[in-house]
Amino acid sequence: MKLQGAVAVVTGGASGLGAATVRAFFERGARVVILGRPSSRGEAIVQELGAAARFVPTDVTSPDQVAQAMQQTVAAFGALHIVVNCAAVGPVKKIVGRHGPMPLEMFEAVVRVNLSGTFNVIRLAVAEMLRNTPNDDGERGVIINTASLAAFEGQPGTVAYAASKAGVAGMTLPIARELAGDGIRCVSIAPGTFNTPLLAMMPEPQRTEFVAQIPFPSRPGRPSEYAALACHIVENPMLNGSTIRLDAALRLPAK
C-alpha cells in the first residue's frame with residue numbers, strides 16, 4: 001500500500017514512537033489523525049503539519065471515544081487505510097514489594113490500555129477499512145501494533161507490561177489470518193531500548209545498564225527508526241502476521 005494519499009490513525013501519536021510515525025507518514029504524503037490524551041502535544045503537532053493532520057483526544061480503552069474518532073477520521077479524509085497502535089503505559093512494580101502485593105487494579109489497568117486498548121482500536125478501525133475498495137494488490141488496510149522485547153524477555157518488575165505486550169504479539173497472527181480474505185494485513189513491531197518517554201521513566205541505573213547491553217549500534221533506538229520500519233511495513237505487502245524485533249540484537253538478561 002502506498003503512503004501517498006493514504007489515511008492513517010496513530011494512537012499515542014503525540015509523543016515518542018507515535019509522533020515520529022505521524023511525521024514520517026506525513027512526509028510521504030499520508031493524511032494522519034493523532035489519537036491521544038487531551039493533555040498531550042497532539043494539537044501542537046497538528047498546527048505544525050497543517051490541514052493534512054487532525055488531533056482527536058481519545059481514551060483508547062473507551063469504545064465510544066474510539067468509535068467517534070474513527071468516524072471523525074472518515075468524515076475529515078474520506079477513508080481509513082492504516083492504523084498504528086503506539087499508546088501504552090509501563091509502570092515498574094514488583095509482584096510483592098515493601099508495601100505488599102501489587103494491587104490487582106494496577107495489573108488490570110496496564111493490560112486494559114496496552115492490550116485491550118490496542119484491540120479496541122483494531123476492531124473499530126477494521127470496520128472502516130472493510131468499506132475500502134481494494135487496491136491493485138487486493139489490499140484494503142494495514143494494522144501495525146507495538147509489542148516489546150518485554151513480551152519475550154521480561155524482567156522483574158515488568159510482569160504487567162510484559163503480559164500486555166505478549167498479548168499484542170500473540171494476537172498478531174490470528175488477526176492477520178482472520179482478515180487475510182478481506183485484504184487487511186497485521187504486523188507488530190517489538191522495539192528494544194528506544195529514546196521514548198517510557199525509557200525516561202526508568203530509574204537511571206536500570207536505563208544505563210540496558211543501554212550498555214545493546215550489541216550494535218550500541219545506543220538506544222531513535223523514534224525515527226521505528227517510524228522507518230512502520231513506513232516499510234505499510235509499503236511491503238509481503239509483511240503480514242509477524243512480530244518484528246527492532247532491537248539492535250539486544251537480548252534482555254534475567255535481571
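So here's what we get for this one:
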| read-out | value |
| --- | --- |
| Complete set of residues in the stretch 208-218 that are in contact (Cβ under 8 Å) with a residue 12 or more places away in the chain and surrounded by fewer than 17 Cβ atoms within 10 Å (Cβ to Cβ) | 211, 213, 215, 216, 217, 218 |
| Boolean, residue 120 is among the polar types (S, T, N, Q), assigned to a strand (DSSP E or B) and under 20 Å from the mean Cα position of the chain (by Cα) | no |
| Single unsatisfied condition, residue 222 versus (1) more than 24 Å from residue 22 (Cβ to Cβ); (2) surrounded by fewer than 19 Cβ atoms within 10 Å (Cβ to Cβ) | (1) |
| Extreme residue, surrounded by the fewest Cβ atoms within 10 Å (Cβ to Cβ), among residues of the stretch 11-43 that are assigned to a strand (DSSP E or B) and in contact (Cβ under 8 Å) with a residue 40 or more places away in the chain | 31 |
| Lone unmet requirement of (1) small (Gly, Ala, Ser); (2) in a helix (DSSP H, G or I); (3) buried (at least 20 other Cβ atoms within 10 Å of the Cβ); (4) out of contact with any Gly (no Cβ under 9 Å at 6 or more places or on another chain) for residue 8 | (2) |
| Qualifying position, being of a type in the set (A, V, I, L, M) and over 26 Å from residue 240 (Cβ atoms), among 212, 166 | 212 |
| Residue that is surrounded by the most Cβ atoms within 10 Å (Cβ to Cβ), among those in the stretch 148-175 that are of a type in the set (A, V, I, L, M) and in contact with a Pro (Cβ under 8 Å, 6 or more places away or on another chain) | 160 |
| Counted residues, the stretch 151-174 - those being farther than 16 Å from residue 97 by Cβ and not in a helix (DSSP H, G or I) | 1 |
| Hits in the stretch 44-64 - residues which are in a helix (DSSP H, G or I) and surrounded by 16 or more Cβ atoms within 10 Å (Cβ to Cβ) | 45, 46, 49 |
| Qualifying positions in the stretch 77-86 - surrounded by 15 or more Cβ atoms within 10 Å (Cβ to Cβ) and either more than 15 Å from the chain's Cα centre (by Cα) or over 22 Å from residue 1 (Cβ atoms) (or both) | 77, 79, 80, 81 |
| Every residue from the stretch 1-58 that is charged (D, E, K, R) and in contact with a strand residue (DSSP E or B) (Cβ under 8 Å, 6 or more places away or on another chain) | 31, 37, 43, 54 |
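We did not get these values from a lab; they are worked out from the coordinates using the rules stated. On a predicted model such as this, the values are computed, not experimentally measured, just so you know. Methodologically, a virtual Cβ is constructed for each residue, glycine included, from the backbone with ideal geometry; neighbour enumeration extends over all protein chains shown.
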